[in-house]
Amino acid sequence: MTKPAYRGRFAPSPTGELHFGTLLAAVGSYLQARSRHGEWLLRIEDVDTTRRVPGAADALLSALEDFGFEWDGEIVYQSRRTELYESALAILADKDLIYPCTCSRKQLAQEHQDTPGVYGGHCRHRHLPVREAHALRLRVEDRLIGFDDPVRGHYQQQLARDCGDFIIKRKDGLFAYQLAVVVDDAEQGVTEVVRGVDLLDSTPRQIYLQQQLGYPQPDYLHLPLLLDAHGNKLGKSTGAAALDLSRPALSLHSALELLGQDPPEELARSSLSQLWQWAIEHWDHQRIPKENLYLNPH
Ligand code: GLU
Ligand code: ZN
């Protein structure tokens, strides 16, 4: 069998304006794809409609255009793909892998004080009659799931110990990110996922879901995170400033610098097409730093 051609993607959540951390993920995934003559898809991850900010998706797309990104195919919106997620859920239900969970947030916090974020399986064997609103959890098996990341090296988790059964459909009826992202990556034929290292510990769950759904497993590359002066992830929640769109080449130059690509100084003043040409030609993922990054504005 021939290996499918490279297909990458950028999957931002439209929760605010494009900030520098988002730009890094866009640049990293774009160059990883274009330097391999691969495709680069765009997916708006608006599955969590409660976090959607009106106009944010359009603002994001127009910012990406201003930076000279060129994507392949139609843009996919998760909010329009509920049927796909329902079919995946049905497959998991057929395999008896899901069960309702009515634990409240407070209950979970109390029960798992020593292991925050790990679900101890309280509802696993309760066979709850489903009357009230409830979340759906996926049973995990007691085995090790690992993968090799070109930047981070080998990473693995014992899902039963490190996370426990996890939610794939929320109490409010919305599908969880973990399920949506796995269905979409498979359905869109993505061969490598390039994204921020804040999602590194989601990857074993996603691989587990791929295994249960019979999907191929893409490769994964996790980029370093951009932190503010207080060591918080740069993002809307920490009040990160939106990107200055008036000098896109300058911002892209900084992004290349942060990603360890050592761009020549004059590239910051060149045209976008010259900048991209240089970046695609010289992209070397082995130079991506492992350490977190700090924004050092020009
Ligand atoms: N939508 C996620 C975010 O903006 C990224 C998900 C992914 O790349 O898998 O943080
Ligand atoms: Zn429960």
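The values are calculated or read from the model by the stated rules, or taken from the named source; none is laboratory data. In this text, all values refer to a predicted model and were calculated from it rather than measured experimentally. When we count neighbours, we look across all protein chains shown, and the Cβ atoms used for this are built from the backbone with ideal geometry, even at glycine.
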Kindly provide the set of residues from the range 99-144 that are β-branched (Val, Ile, Thr) and in contact with a strand residue (DSSP E or B) (Cβ under 6 Å, 6 or more places away or on another chain), ordered by number. Val130
When the range 156-212 is examined, which residues are found to be more than 21 Å from Ile44 (Cα to Cα) and touching a His at 6+ places or on another chain (Cβ under 7 Å)? Lys171
Regarding Arg124, is this residue more than 21 Å from the chain's Cα centre (by Cα) and within 15 Å of ligand 2 (Cβ to nearest atom)? yes
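Taking helices (runs of 4 or more DSSP H) that do not extend beyond the range 28-123, which have at least 3 residues that are surrounded by fewer than 17 Cβ atoms within 10 Å (Cβ to Cβ) and among the acidic types (Asp, Glu)?
Qualifying helices (runs of 4 or more DSSP H): 56-66, 82-94.
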Residue by residue through the range 185-242, note down the ones that are within 11 Å of ligand 1 (Cβ to nearest atom), at pLDDT 95 or above and part of a loop (DSSP other than H, G, I, E, B). Val190, Pro218
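Here's the yes/no breakdown for (1) within 16 Å of ligand 2 (Cβ to nearest atom); (2) surrounded by 19 or more Cβ atoms within 10 Å (Cβ to Cβ); (3) acidic (Asp, Glu):
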{"position": "Val182", "(1), (2), (3)": "no, yes, no"}
{"position": "Leu223", "(1), (2), (3)": "no, yes, no"}
{"position": "Asn232", "(1), (2), (3)": "no, no, no"}
{"position": "Asp244", "(1), (2), (3)": "no, no, yes"}
{"position": "Leu256", "(1), (2), (3)": "no, yes, no"}
{"position": "Leu259", "(1), (2), (3)": "no, yes, no"}
Where a residue in the range 27-51 is more than 22 Å from Ser251 (Cβ to Cβ) and its partner, wherever it lies, is acidic (Asp, Glu) and assigned to a strand (DSSP E or B), with Cβ under 9 Å and at least six apart: Arg36/Glu192; Gly38/Glu192
